[in-house]
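Colleague: Take a look at the following structure, please.
Taken together, the values in this text are just the output of simple stated rules run on the coordinates, not laboratory data. For clarity, every value in this text was computed on a predicted model and none was experimentally measured. So basically every Cβ, Gly included, is an ideal-geometry build from the backbone, and we count neighbours across all protein chains shown.
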Amino acid sequence: MFIPRVLKCALISGAALFAATSVWADGIGASLLTQQHPFYIELANAMKAEASEKNVPLEISIANQDLSKQLADVEDFIVKGVDVIVISPVDSQGVLPAIMKAKNAGIKVLTVDVPAKGVDVTSYIGTDNYAGGVKAGKLMAEVLDGKGKVAIIDYPTVQSVVARVEGFKKALEAYPDIEIVAQQTGITRAEALAVAQNMLQAHPDITGIFGFGDDAALAAAVAVKSQGLQDQVKVIGFDGMEEARNAVDNDPVMVGVIQQFPDQMGKQAVDTAIKVMNGEDVPAEQPIEPGVYTGK
Amino acid sequence: MTETTVYKADPMATLKTMMRQYGGIFLALVVLCVIFSLANPRFMSVANLMNILQQVAVIAIAAFGMTWVILLGEIDLSVGSIIAVAGMVGAQVIGLGWGFVPALMLTLVSGILMGALNGVLTAKLLLPSFIVTVATMSIFRGMVSLPTNGAPAMIMDPTWTAIGAKSFIGVPIIIWIVIGLFIANHILLSKTTFGRKTYLTGGNREAALYSGIKVDRMKILIFMISGLMASISGILLSSRLYSAQTNAGMSYELDAIAAAVLGGTSLSGGTGSMIGTLIGALIIGALNNGMNMLSVPYFYQLIVKGLVILLAVWLDVRSKRRKV
């Protein structure tokens, strides 16, 4: 008979699952966008560290950039009965049903990194992208000595990037001798490379490029060098993950990068969740001021 | 051999043949549920069981369509892309202000047309369905992004979103739809000549041709069924998400194939049933939900899911081999 064998297999796999089990119910459930980007790995690690220090149960599910999986993860948190759900939305608008389900079940929701649209959450913790853009603009003006021609690589469908570019332009308004000659979209590193090359062809007198993210800036630096303009053009990026910081350290074209702090974001998310669990009031928005990294 | 498989495919014959056919896989589902509910008592709560059914609905319905295709000895890898296109068609038609019913109709028609394209290319150009649907998977996936340039499209129609959010007599509408489609597919497969022809064609194509079955027509019709089921999945998914996502349904075809194969559908065609596929889909849903309930880290979930699929199929194949 195969039945006893089935049971044997079941017991073994059951034991394996028990071994993998941590504490459930109560505490914080976090649904994160991905675990394949250094930013989110750092964010998740910071959340885990803070939760274990404050001795609060924390569970993290990874949506793997799939909105449907994010919704299912949140539904499972609701059934499990967590106290607070932390979400970094796959999509600002599409996350709405997940947040509404949690709120209808009486669970408080926090968003990190990406805000939700069309629904109020208890608190949003994320980089102050506008302030970061202003810092990038000031740094650009500084390295160009207040005059020159600047190009921007952007990603106009993402609100956080729009805010960065707005801040960047606002800061440059104070410098009438700096002119923005081109602004084009380059989302992936490959696209950003092509866009940067095109802009440098069209405007050979460009002296500065601002990339909306690390990928865009790193691609722009490659484009600058491939056209032999490394003594003329300075590149500034945004995100400040390790690869870009190393580039700032070693590559004279990469003069600086605006640095986001996923570790602070993760810590603050957990601290806010604890406050919410204790019934304390928390601010609806908690912007985290990014830093400027210009090398060791 | 073909004779017996065709006979076994009629699940209403006796309880005994049912146990013979689904015993192994059903037991696997029960064992899984027992393990999960021992580990977390909330797993077996009514709320969570409804939860699982809702979460697995999209896969289950696509898997019903997939079962037809696999029964015929073919495969449809474009299902995930059709799910995404269907949601986007619905969102766009609603966006035009045409209302719920036209949006629903056009979405279903789009699914049938995409399925028909797969069927015609496979049957008339004599191309392997594996290659045809790899190609159309890419074509349909590209088409999804055209209206919005890759951005998601919000759906604000109250009827459309009610499908995913509302209940009828205490049971979510999505679950009623799954039950209805299960019954419809089951009857079509096990009680009609069309169903019998499908088994015969999948079991032995030559014999089917000689007995006068229009195999080409069968193929096109069955790919149309698969497209229709996928478009219904797309409607449910977009109604659950209040939006059509351009990356919706990515790799769902693989879950649909896994559900059908877990349920005893043979990839060489001719053997399988809707009941088996439903149980297979439930196993996948119970696994995903159960591991979440147990807080198994995501990457381990993928590994465990693969292992359980292997184990369940192996047990099933083994138990059948012994009894034949």
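Colleague: Pop out the ³J(HN,Hα) list for segment B:230-236 in order, Karplus 6.51 cos²θ - 1.76 cosθ + 1.60 with θ = phi - 60°, rounded to Hz; leave Gly and Pro as x.
Modeller: So the Karplus estimates, Gly and Pro as x, are 4, 5, 5, 4, x, 5, 4 Hz.
Colleague: Taking GluC sites (Glu not before Pro) as candidate sites, keep only those in a DSSP loop with at most 11 other Cβ atoms within 10 Å, then name the longest stretch of chain A containing none of them.
Modeller: A:1-172
Colleague: A follow-up question, please. Among B:160, B:176, B:68, which one shows the highest mean-square fluctuation when chain B is modelled as a Gaussian network with alpha-carbon springs under 10 Å?
Modeller: Judging by the Gaussian network model, the answer is B:176.
Colleague: Same structure, new question: Once phi is turned into θ = phi - 60°, what whole-Hz ³J(HN,Hα) does the Karplus curve with 6.51, -1.76 and 1.60 give for every residue of segment A:157-162, x standing for Gly and Pro?
Modeller: Rounded to whole hertz, the list is 8, 9, 4, 5, 6, 4.
Colleague: Let me ask something additional. Excluding residue A:177 itself, what net charge comes from residues whose Cβ is under 13 Å from its Cβ, given Lys and Arg +1 and Asp and Glu -1?
Modeller: -1
Colleague: What percent do you get for the relative contact order of segment B:44-323 when only Cα pairs under 8 Å and 6+ apart count?
Modeller: So the answer I get is 36 percent.
Colleague: Charges only on Cβ, +1 for Lys and Arg, -1 for Asp and Glu: so what's the dipole of the protein assembly as shown about the Cα centre, in debye to the nearest 20?
Modeller: 3200
Colleague: Over segment A:129-259, what is the relative contact order in whole percent, taking alpha-carbon pairs under 8 Å and six or more residues apart?
Modeller: 25
Colleague: Oh, and also: Take the alpha carbon gyration tensor of segment A:129-259, find the square roots of its eigenvalues, order them as a ≥ b ≥ c, and report rounded if a/c is under 1.5; if not, report prolate when a/b exceeds b/c, else oblate.
Modeller: Rounded shape, in that the Cα axes give a/c under 1.5.
Colleague: Let me ask you something else. Among A:207, A:248, A:126, whose Cα projects farthest towards the positive end of the dipole of chain A, with charges put on the beta-carbon of Lys, Arg (+1) and Asp, Glu (-1)?
Modeller: A:126
Colleague: Related question: Which residue fluctuates the most in chain B, going by a Gaussian network model with Cα springs under 10 Å, if the choices are B:279, B:232, B:187?
Modeller: Maximum among the listed residues: B:187.
Colleague: With a/c under 1.5 counting as rounded, go ahead and sort segment B:44-323 into rounded, prolate or oblate using the C-alpha gyration tensor (a ≥ b ≥ c being the square roots of the eigenvalues; past the cut-off, prolate if a/b is larger than b/c, else oblate).
Modeller: Note, shape of segment B:44-323 comes out oblate.
Colleague: Per DSSP H run of n ≥ 4, the term is -39500 (n - 2.57); total these for chain A, divide by its residue number, and report the mean residue ellipticity at 222 nm rounded to 500 deg cm²/dmol.
Modeller: Using -39500 (n - 2.57) per qualifying helix, the result is -15000 deg cm²/dmol.
Colleague: So what is the 222 nm mean residue ellipticity for chain B from helices alone, if each DSSP H run of at least 4 adds -39500 (n - 2.57) and you divide by all residues, rounding to the nearest 500 deg cm²/dmol?
Modeller: Helix-only estimate at 222 nm: -25500 deg cm²/dmol.
Colleague: Ok, one more. Which whole-Hz ³J(HN,Hα) couplings does segment A:122-127 yield from phi under the Karplus relation 6.51 cos²θ - 1.76 cosθ + 1.60, θ = phi - 60°, glycine and proline marked x?
Modeller: So the J values, rounded to whole Hz, are 5, 7, 10, 10, x, 4.
Colleague: Still on this structure, please answer the following. Looking at B:306, B:252, B:278, which one has the Cα that reaches farthest to the positive end of the dipole of segment B:172-324 (charges on Cβ: Lys, Arg +1; Asp, Glu -1)?
Modeller: B:278
Colleague: Non-local amide H neighbours of residue B:73 (under 5 Å, H modeled in plane, Pro and chain starts lacking H): which ones?
Modeller: For residue B:73, the qualifying residues are B:269, B:270.
Colleague: Using a Cα-Cα cut-off of under 29 Å, which lysines could be cross-linked to residue A:267, ignoring same-chain neighbours fewer than 8 residues away?
Modeller: A:48, A:54, A:69, A:80, A:101, A:103, A:108, A:117, A:135, A:138, A:275, A:296
Colleague: Which shape class applies to the protein assembly as shown: rounded if a/c is under 1.5, otherwise prolate when a/b exceeds b/c and oblate if not, where a ≥ b ≥ c are the square roots of the Cα gyration tensor eigenvalues?
Modeller: prolate
Colleague: Between segment A:75-91 and segment B:179-252, what's the alpha-carbon centroid distance in Å?
Modeller: That distance is 35 Å.
Colleague: List every residue whose amide H lies under 5 Å from the amide H of residue A:60, counting only residues 5 or more places away in sequence or on a different chain, with H placed 1.01 Å from N in the peptide plane.
Modeller: Amide H neighbours of residue A:60, under 5 Å, 5+ apart: A:30.
Colleague: Separate question: Could you list which residues have their amide H under 5 Å from that of residue A:183, counting only those 5 or more apart in sequence or on another chain, with H placed in the peptide plane?
Modeller: Residues meeting the criterion, in which the H sits 1.01 Å from N, are A:152.
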